[in-house]
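Report on the following structure.
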Amino acid sequence: MKIAIGNDHAAGELKPVIVDCIKALGHEVIDIGVAPGEAVDYPIPGEKVGRLVASKEADLGVLICGTGVGISLAANKVKGIRAAVCSDTATARLVREHNDANVISIGARIVGSELAKDIVTTFLTTDFSGEERHQRRIDLISSIEENFGNS
Ligand code: RB5
């Protein structure tokens, strides 16, 4: 798969660790984040990764900021994006199985690097269940976008 990754300055150290983890799983990485020591306002990488996933230039996205929250809020403004903040592997599994989340967001100031790698690995190795009740709920989320528009 092609995985888009983005981060702000709070995650400059964690991002390369996660990039290596994603590559070790056999995926291609599209890295639009900043390097250690560089700064960027988190809505910028959040939107960029969201657009890469929504346009299908990337299959899934990974975002990292201080808490994982701000950057996910930005990504979720892009139509078709379901970005989920995860601080544990159970949530990372369930957001794929139940919510078909297409972006995972992690807080570099919240979780350590080993847990972050496990979270990303779980996210990237779990498929959407495809069960009707979950698809119905995802369709309801999509209908909110259709009714109010945000493309
Ligand atoms: C940056 O200092 C910090 O606010 C940002 O990384 C993130 O935690 C926002 O949600």
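The values are calculated or read from the model by the stated rules, or taken from the named source; none is laboratory data. A quick note: this is a predicted structure, and the numbers were derived from the prediction, not measured. We place every Cβ from the backbone using ideal geometry, glycine too, and count neighbours over all the protein chains shown. For the accessible areas, the whole protein counts, side chains as well, though only heavy atoms, and no ligand, DNA or RNA atoms are used. Shrake-Rupley method; radii C 1.70, N 1.55, O 1.52, S 1.80 Å.
Would you please name the residue that is nearest to the ligand (Cβ to nearest atom), looking only at residues in the range 57-74 that are in a helix (DSSP H, G or I) and surrounded by 24 or more Cβ atoms within 10 Å (Cβ to Cβ)?
Of all residues in the range 57-74, those in a helix (DSSP H, G or I) come to 69-74.
This time we only want the ones that are surrounded by 24 or more Cβ atoms within 10 Å (Cβ to Cβ), so: 71-72, 74.
On the way: I71: 6, S72: 8, A74: 9 Å.
Applying the filter and picking the extreme gives I71.
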Exercise. Exactly one of (1) more than 15 Å from the ligand (Cβ to nearest atom); (2) touching a residue at least 40 places away in the same chain (Cβ under 8 Å); (3) open to solvent by 70 Å² or more (accessible area, probe 1.4 Å); (4) under 21 Å from E114 (Cβ atoms) is unmet by E13. Its number?
Worked result: (1)
For this session: List every residue pair whose Cβ atoms lie under 8 Å apart, where the two residues are 6 or more positions apart in sequence or sit on different chains, the first residue falls within the range 103-124 and is part of a loop (DSSP other than H, G, I, E, B), and the second residue, located anywhere, is open to solvent by 30 Å² or more (accessible area, probe 1.4 Å) and within 15 Å of the ligand (Cβ to nearest atom).
Result: A108/E13; R109/T67; I110/T67; I110/S87; V111/S87
Problem set entry | Single match in K77, K48 (criterion: surrounded by fewer than 22 Cβ atoms within 10 Å (Cβ to Cβ), touching a strand residue (DSSP E or B) at 6+ places or on another chain (Cβ under 9 Å) and of a type outside the set (A, V, I, L, M, F, W, C)) | K48
Seminar exercise, completed: Only unsatisfied item for D31, checking (1) away from the ligand (no atom under 16 Å from the Cβ); (2) farther than 27 Å from D139 by Cβ; (3) surrounded by fewer than 16 Cβ atoms within 10 Å (Cβ to Cβ), is (3)
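Rundown of residues vs (1) closer than 12 Å to V120 by Cβ; (2) in contact (Cβ under 8 Å) with a residue 24 or more places away in the chain, yes/no style:
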residue: H27; (1), (2): yes, yes
residue: G33; (1), (2): no, yes
residue: V40; (1), (2): no, yes
residue: E57; (1), (2): no, yes
residue: V62; (1), (2): yes, yes
residue: G66; (1), (2): no, yes
residue: A74; (1), (2): no, yes
residue: R82; (1), (2): no, yes
residue: L94; (1), (2): no, no
